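The structure appears right after this line, and notes come after that.
The values are calculated or read from the model by the stated rules, or taken from the named source; none is laboratory data. The structure displayed is predicted, hence computed values, not measured ones. Positions of Cβ are backbone-derived with ideal geometry, glycine not excepted, and every protein chain shown enters the neighbour counts. With ligands, DNA and RNA removed, areas are computed over all heavy atoms of the protein, side chains included. Shrake-Rupley method; radii C 1.70, N 1.55, O 1.52, S 1.80 Å.
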Amino acid sequence: MLDHLIKGATVVDGTGAPAHVADVGIRDGRIAVIAEPGTVAEEARSSEDASGLVLAPGFVDPHTHYDAQLFWDPYATPSLNHGVTTVAGGNCGFTLAPLNPERPADADYTRRMMSKVEGMSLVALEEGAPWTWNSFEEYLGALDGRIAVNAGFMVGHCALRRYVMGADAVGGQPSERQMEEMLALFHAAMDAGAWGLSTTQSSTHSDGDGQPVASRHALPAELVALSKAVGEHEGTQIEAIVAGCLDQFSDAEIDLFVEMSAAAGRPLNWNVLTIDAAVPERVPRQLEASERARKSGGRIVALTMPILTPMNMSLGTFCALNLIPGWGDVLGLPVDERIAKLRDPDVRAEMLRRADSKEAGVFRRLANFGRYVIGDTYSEANEGLTGRVVKDIAAERGQEAFECLVEICANDGLRTVLWPMPTDNDPDSWTLRAETWQHDDVMLGGSDAGAHLDRMCGAPYTTRFIGDCLRGRKLASLEQAVKMLTDDPAQLFGLRERGRVREGFHADLVLFDPETIDAGKATLVHDLPGDSPRLDSKAIGITAVWVNGVEAMRGDVVSGAVPGKVLRSGTDTRTVSTR
């Protein structure tokens, strides 16, 4: 007997093949039958009429930071709401395990680092996760049987270094013996199911003490040694970040990526490829790494987002503005001193000069303060400004845009929420995106879901992109859009029997209305442990989501079931060799 029968759905199977109408039956967590409508003879415990609705494979998000959130939110909201059934975690070199049992304080260091570098609520990290593990195996075990999505995890380079080197991981180099210990620890993590290595050399990544995170101190020889270890395990790969990911790679960064991927014989993915017609040289330069890797026995895959994800800013709390060269020194001051500095015309002039310099890279896009929209305000002096554009307010007041913005924020004690309007929302940029998506080494993703919770909400990229393909810019067909969100990432990670609507595959499915599928506006909610805030976005047009054959979501409401699986390398992933 079938567990459930979905009748008359328009099946978009994830392969890019034309959509077709079919009945789809689920049994024991798998897709048991796909047949012409009305021809399934087997009885079903439940069924539904899906006429006019699209049935697709569950979406696969290749870059998330749900490592902690899954403990207090097993549904990985809002990703599950938006049709995501599998998430890849442990990215950017940051994981919650392994933790050295001889140094209990390392857990606090890790929490503070995650709060700073990934914008997670420190209170939520402290109160929402059990922190009962030491080994990576124990961490994975703590999630087994309690999550509603499928989740696989890289092991973070920072955690490996901290475990072996302690405080010396920041600023130090491992001895020969420590390198052997690090490799043994890494092998143990992959034996337990880690998907491979994640690491960062990005200049934007600092720990809770303001110091460069541990992996930023690693020399190429260490990174290559860890990469070689990746190649000794089935179903593994690499995720890596360098400073050039934000704008354009240096020759040395390309050399490093190529050597790492070739040493492992595995794909290496990085994020995020920013596509902007105003900087036409960026895409060819970034994809040069992919071209060179293929010639050297490796593969380098760039993740890029198919939507523009708004990210709010603030002069009061840590955000992307702090990462502009020279700005961190000013924005890190106590509030009263910060306001005094920001009101100094000479200080503002120097800040603007640095923000418009080549060294600012992609952050140059944040320096057009006339294009900021005022969000939430908190003072009587700012009443009526919410939703207004700074350049209009500045013109009324006879001020420069940045001066005007500073005064508005100062009135609120720097609590004002700021929304920069995107600079790359022009037709030429969208045309360039559509062209770039066709490259064999470009993949959609990079949501950062689970991170930067009160600053951005990237999780809804799946529904927003499909809605745009159906009713908006129509830069891809429905079949191609679904393939890019399902089979493409499943193939990159070597997911076994996932990513397609096919008989015998795991029944990870999303049923949606093509006339309405979309994502609601991001709104601030306080539903994290400790009443901490995050941005959330309602799913529109998602009828139901099944994970391993069990209904996990219907009508944007979770079912309460936790059918997700911790996906372990080798068992749940196959090797995707680049040789």
Fill in the blank from the handout: Note on the range 310-424: contact order normalised by length, alpha-carbon pairs under 8 Å, 6 or more apart, percent, works out to 34 percent
Handout entry: Sulfur and carbon atoms: percent of accessible area, the range 80-231 [1.4 Å]
Key = 47 percent
Exercise for the section: Give the calculated FRET efficiency between Arg496 and Gln399 to the nearest 0.05, with a Förster radius of 41 Å applied to their Cβ-Cβ distance. Expected result: 0.10
Completion exercise
Scalar couplings 3J(HN,Hα) for the range 371-378 by Karplus 6.51 cos²θ - 1.76 cosθ + 1.60 (θ = phi - 60°), nearest whole Hz, x for Gly and Pro, are 9, 7, 9, 6, x, 5, 10, 9
Exercise for the section: Kindly report, to the nearest 10 Å², the accessible surface of Val442 as traced by a 1.4 Å probe over protein heavy atoms only. Expected result: 20 Å²
Practice task
Would you mind counting up the charge near Asp3? Only other residues with Cβ under 13 Å from its Cβ, with Lys and Arg at +1 and Asp and Glu at -1.
Solution key: -2
Exercise for the section: Using a 10 Å cut-off on Cβ atoms, rank the peptides 272-278, 508-514 from the highest mean neighbour count down. Expected result: 508-514, 272-278
Handout entry: Note, ³J(HN,Hα) from phi for the range 532-541, Karplus 6.51, -1.76, 1.60, rounded to Hz, x at Gly and Pro
Key = 6, x, 7, 8, 10, 9, 6, 7, 10, x
Completion exercise
Summed over the other residues with a beta carbon less than 12 angstrom from that of Pro310, with K and R at +1 and D and E at -1, the charge totals +3
Problem - Accessible surface ranking that places the most exposed of Phe71, Phe505 first, with a 1.4 angstrom probe - result: Phe505, Phe71
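Cβ neighbours within 10 Å, averaged per peptide: list 89-100, 384-395 in order, most packed at the top. Could you put the intermediate results ahead of the total?
Working: 89-100: 26.6, 384-395: 15.4.
Ranking, from highest mean packing down: 89-100, 384-395.
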Completion exercise
Sorted by chain and number, the residues with a modelled amide H under 5 Å from that of Ala451, at a separation of 5 or more or across chains, are His65
Problem - Two-site FRET efficiency, Lys474 against Glu288, from Cβ-Cβ distance with R₀ of 22 Å, rounded to 0.05 - result: 0.15
Completion exercise
The summed charge of the Ala519 Cβ neighbourhood (under 9 Å; Lys/Arg +1, Asp/Glu -1) stands at +2
Handout entry: Rounded to the nearest 10 Å², the accessible area of Phe59 at probe 1.4 Å
Key = 0 Å²
Completion exercise
If amide H atoms are modeled at 1.01 Å from N in the peptide plane, then the residues at a separation of 5 or more from Ala194, or on another chain, having amide H under 5 Å from its own are Ser569
Problem - Surface share of carbon and sulfur [accessible, 1.4 angstrom probe, percent] for the range 247-301 - result: 49 percent
Handout entry: Computed [θ] at 222 nm, helices only, for the chain once each DSSP H run of length n ≥ 4 contributes -39500 (n - 2.57)
Key = -9000 deg cm²/dmol
Practice task
Only Cα pairs under 8 Å and at least 6 apart count here; give the relative contact order of the range 130-190 as a rounded whole percent.
Solution key: 36 percent
Handout entry: Accessible surface ranking that places the most exposed of Glu176, Glu403 first, with a 1.4 angstrom probe
Key = Glu176, Glu403
Problem - Loop sites in the range 119-172: trypsin sites (Lys or Arg not before Pro), DSSP, at most 15 other Cβ within 10 Å - result: Arg146
Handout entry: Within the range 10-63, GluC sites (Glu not before Pro) in DSSP loop having at most 13 other beta-carbon neighbours inside 10 Å
Key = Glu42, Glu43
Problem - Förster-model FRET efficiency, 51 Å R0, Lys521 and Thr39, C-beta, rounded to 0.05 - result: 0.75
Completion exercise
Computed ³J(HN,Hα) along the range 355-370: with the Karplus parameters 6.51/-1.76/1.60, θ = phi - 60°, integer Hz and x for glycine or proline, the list is 5, 9, 7, 4, 5, 6, x, 5, 6, 4, 5, 8, 8, 8, 6, x
Handout entry: Under 24 Å, Cα to Cα: Lys pairs in the chain, sequence gap 8 or more or different chains
Key = 12
Exercise for the section: Using a 10 Å cut-off on Cβ atoms, rank the peptides 291-299, 339-347 from the highest mean neighbour count down. Expected result: 291-299, 339-347
Exercise for the section: Post the alpha-carbon centroid distance, the range 269-316 to the range 61-83, in whole angstrom. Expected result: 23 Å
Exercise for the section: Ignoring everything but the protein chains, give the 1.4 Å probe accessible area of Lys7 in square angstrom, nearest 10. Expected result: 80 Å²
Handout entry: Additional length obtainable on full extension of the chain from Met421 to Glu180, 0.36 nm per residue less Cα span
Key = 81.9 nm
